[in-house]
Amino acid sequence: MRTAALIIVALIIAFFLYQAFSNQSIEEEVAQAQKPIHPETIAAYQNNCASCHGVNLQGQEDWQNTLDEDGHRLAPPLNGTGHTWHHSPDYLFQVIKYGFPSFDPNYEGKMLGNDSLSEEEVWQLITYIRQEWPAQIQDVYNSRYE
């Protein structure tokens, strides 16, 4: 009987600990979601990025394993579920502004850059994309690059 009571107490303590940490992460996610995003930045994303990377930054389905009709890789997600967060802010800037030809003059894919965007607009897009990442990924990214 005493063993059963100890197990119940341990389960209750574990439950409350879980709730405490779960609520903390929910609060962090809510705070993250409440950060203001300028309508101009969202419009810039929709006008320059969404046609390939998706309205919700979700990328193209099966992006890792499929090529398009021209033999090019599909656009990856920018929402933290792909590899975007593995790259430095400067690299992201270079890709968004000038595309992959800035790294490889023989590149023939579709990410050719957005040279019509100002530098400030590109940095705002990077901020917007980063804000869409889960808090844990943001923490890892910030520890690497800030």
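The values are calculated or read from the model by the stated rules, or taken from the named source; none is laboratory data. This is a predicted model, so every value here is computed, not measured. Cβ: placed from backbone, ideal geometry, glycine included. Neighbour counts: every protein chain shown. The area values use the complete protein model at the heavy-atom level, side chains included, leaving out ligands, DNA and RNA. Shrake-Rupley method; radii C 1.70, N 1.55, O 1.52, S 1.80 Å.
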Kindly evaluate Q64 against the criterion of being of a type outside the set (A, V, I, L, M) and without any contact (Cβ under 8 Å) to a residue 40 or more places away in the chain. yes
R144: within 20 Å of P36 (Cβ to Cβ) and among the basic types (K, R), yes or no? no
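For every residue, the table says whether it meets (1) open to solvent by 70 Å² or more (accessible area, probe 1.4 Å); (2) at pLDDT below 95; (3) over 21 Å from P36 (Cα atoms).
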| residue | (1), (2), (3) |
| --- | --- |
| V95 | no, no, yes |
| D104 | no, yes, yes |
| D115 | yes, yes, yes |
| I126 | no, no, no |
| I129 | no, no, no |
From the list L78, L57, which one is at pLDDT 95 or above, surrounded by 14 or more Cβ atoms within 10 Å (Cβ to Cβ) and within 14 Å of V122 (Cβ to Cβ)? L78
Condition met for I137 (over 21 Å from A44 (Cβ atoms) and part of a helix (DSSP H, G or I)): yes
